[in-house]
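J.: Before I ask anything, let me first share the structure, which is written out below as structure tokens.
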Amino acid sequence: MPEGQLQANLGETKEVLKSMVAALNVKTKTVVRYGSPSPVILDEANERDVDLIIIASHHPGIRDYLIGSTASRVVLHADCSILITL
């Protein structure tokens, strides 16, 4: 990956999320992190002592039953409520 690309991608992602939130007119704090999805989601939830994690999922395939999806790993290990959307 070219030098500075990760920071550029993170900045672009933050801007897209901010524009989405502005269109919805809701109060939020946007956080963008990178890494393995389920541990990053769980770490962020624990650091912020959240009450609810909202996560999208897909219809599981055989691969998900064998190794698990991000949503299923979050559900299994979260200390708070989870809302899964399809």
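Values quoted throughout were computed directly from the atomic coordinates according to the rules given, and no laboratory measurement underlies them. No experiment lies behind these values; they were computed from the predicted model shown. All Cβ positions, glycine included, derive from the backbone under ideal geometry; neighbour counts span all protein chains shown.
J.: Going by alpha carbons, how many degrees (0 to 90, nearest 10) lie between the helix axis of 37-48 and the longest principal axis of the chain?
T.: 70 degrees
J.: Okay, next question. Starting from the Kirkwood radius over alpha-carbon pairs of the chain, derive D by Stokes-Einstein at 25 °C in a medium of 0.890 mPa s and give it in µm² s⁻¹.
T.: The calculation lands on 166 µm²/s.
J.: Shifting gears a bit: Against the longest alpha carbon principal axis of the chain, how many degrees, from 0 to 90 and to the nearest 10, is the axis of helix 5-24 turned?
T.: The answer is roughly 90 degrees.
J.: What is the sum of charges, Lys and Arg at +1 and Asp and Glu at -1, for the other residues whose Cβ falls under 14 Å from the Cβ of VAL21?
T.: Every neighbour counted, the sum reads +3.
J.: I would also like to ask the following. Excluding ILE82 itself, what net charge comes from residues whose Cβ is under 14 Å from its Cβ, given Lys and Arg +1 and Asp and Glu -1?
T.: Residues near ILE82 contribute -2 overall.
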